[in-house]
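Here is the structure we will look at.
Read-outs: derived from the displayed coordinates by stated rules, not from any lab. As the structure is a computational prediction, the values presented were derived from the model and not from experiment. Note that we place each Cβ from the backbone using ideal geometry, even for glycine, and neighbour counts take in every protein chain shown.
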Amino acid sequence: MGSRNLDGVGFKVGLNYFPPEQFDIKYNRPDLVLKQIPWADTTLIPLYYAAYKKRLKKMNFTEDMLNNDFHIPNIKITNTENIAYETQNQKLEIKLEASDTKYKLDRINVWVN
């Protein structure tokens, strides 16, 4: 449990850096942290576990899908030459190519900052 402001913190795999939110569904597990703290309020553990299970269900995942196999799909923006650095337009067309050599892709999550 901690601050959501994690600038500069991430996971390094080979030469690649990944921000923590990429692994949130697997590693954001306060229930497991509380199990390791002897003085923790144990009544919170099943509540946090239920919240974790609810998050998995909402995203259509199972615990079995979150194994230790570290495999990253590829995504590429194919129309970068047509995207302005700044714009006043409320709409932007981004063309993507997404692929994976091991798993079938079933979603792409996009956050607009």
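Helix-only mean residue ellipticity at 222 nm, the chain, DSSP H runs n ≥ 4 weighted -39,500 (n - 2.57), per residue, nearest 500. What is it?
On the way: 3 runs with 26 residues, N = 113.
Roughly -6500 deg cm²/dmol at 222 nm, from the helical runs in the chain.
With charges set only on the Cβ (+1 for Lys and Arg, -1 for Asp and Glu), what does the dipole of region 70-113 come to about its Cα centre, in debye to the nearest 20?
200
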Please list the non-local residues whose amide H lies under 5 Å from the amide H of residue 11, H modeled 1.01 Å from N, same-chain partners needing a gap of 5 or more. 18
Quick one: what are the phi-derived ³J(HN,Hα) couplings along region 74-79, Karplus 6.51/-1.76/1.60 with θ = phi - 60°, whole Hz, x for glycine and proline? 10, 9, 9, 7, 8, 10
May I ask you to derive the relative contact order of the chain, considering only C-alpha pairs under 8 Å and at least 6 residues apart, and to give it as an integer percent? 15
